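*Asks:* Dropping a structure here in structure tokens format, bear with me for questions.
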Amino acid sequence: MEDMRALPPGKSACDKFYVGYFCENELIAIMDLIFSYPAKNTAWIGLFMMNQGHQHRGIGSEIIRECAMCLKDLGVEFIQLAIAKGNPQSEHFWRKNKFHKTGREVPKEGYTAVVMQRAL
């Protein structure tokens, strides 16, 4: 519940979408998406998580591909997110989905967040 309410500075609940993806009646993925953050032309994925039983089937990549197409249609130019430095599985997934490191790293409690971006 805390994740569902968490917002970056300067953003309100109307900028945030917490989306569930279902296969039949089973929740298989969630995405926390914030519009116009950190810039007006950018959407931020705060969290994307797949049910482990549905990983490695291309479903997550298809969700990201469709999300990117919809965001582009809405005029969004970039999608950004952050991964934990040194997490090769996460980095591989996002690189496969056309995200690249921006060079920006942010120290957090217990890890370093590496910002990645995809141009639309």
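*Asks:* Restricting segment 52-85 to residues that are modelled with pLDDT under 95 and over 15 Å from the mean Cα position of the chain (by Cα), which is most open to solvent (accessible area, probe 1.4 Å)?
*Replies:* In this case the residue turns out to be 56.
*Asks:* What is the residue count in segment 108-120 for residues that are outside any loop (DSSP other than H, G, I, E, B) and either among the aromatic types (Phe, Trp, Tyr) or modelled with pLDDT of 95 or more (or both)?
*Replies:* 9
*Asks:* Based on this model, can you work out whether residue 22 counts as of a type in the set (Phe, Trp, Tyr) and within 21 Å of residue 1 (Cα to Cα)?
*Replies:* Against the criterion (of a type in the set (Phe, Trp, Tyr) and within 21 Å of residue 1 (Cα to Cα)), residue 22 qualifies.
*Asks:* Here are 115, 106: which of them is in contact (Cβ under 8 Å) with a residue 24 or more places away in the chain, touching a strand residue (DSSP E or B) at 6+ places or on another chain (Cβ under 9 Å) and either surrounded by 14 or more Cβ atoms within 10 Å (Cβ to Cβ) or more than 20 Å from residue 34 (Cα to Cα) (or both)?
*Replies:* Just a single option satisfies the conditions, and that option is 115.
*Asks:* Next question. Across segment 1-28, what is the total count of residues that are open to solvent by less than 50 Å² (accessible area, probe 1.4 Å), of a type outside the set (Val, Ile, Thr) and touching a Phe, Trp or Tyr at 6+ places or on another chain (Cβ under 6 Å)?
*Replies:* Of the residues in segment 1-28, 3 are open to solvent by less than 50 Å² (accessible area, probe 1.4 Å), of a type outside the set (Val, Ile, Thr) and touching a Phe, Trp or Tyr at 6+ places or on another chain (Cβ under 6 Å).
The values are calculated or read from the model by the stated rules, or taken from the named source; none is laboratory data. Just so you know, these numbers come straight off a predicted model, no measurement behind them. All Cβ positions, glycine included, derive from the backbone under ideal geometry; neighbour counts span all protein chains shown. Side chains are part of the model used for accessible areas, which takes the heavy atoms of the whole protein and leaves out ligands, DNA and RNA. Shrake-Rupley method; radii C 1.70, N 1.55, O 1.52, S 1.80 Å.
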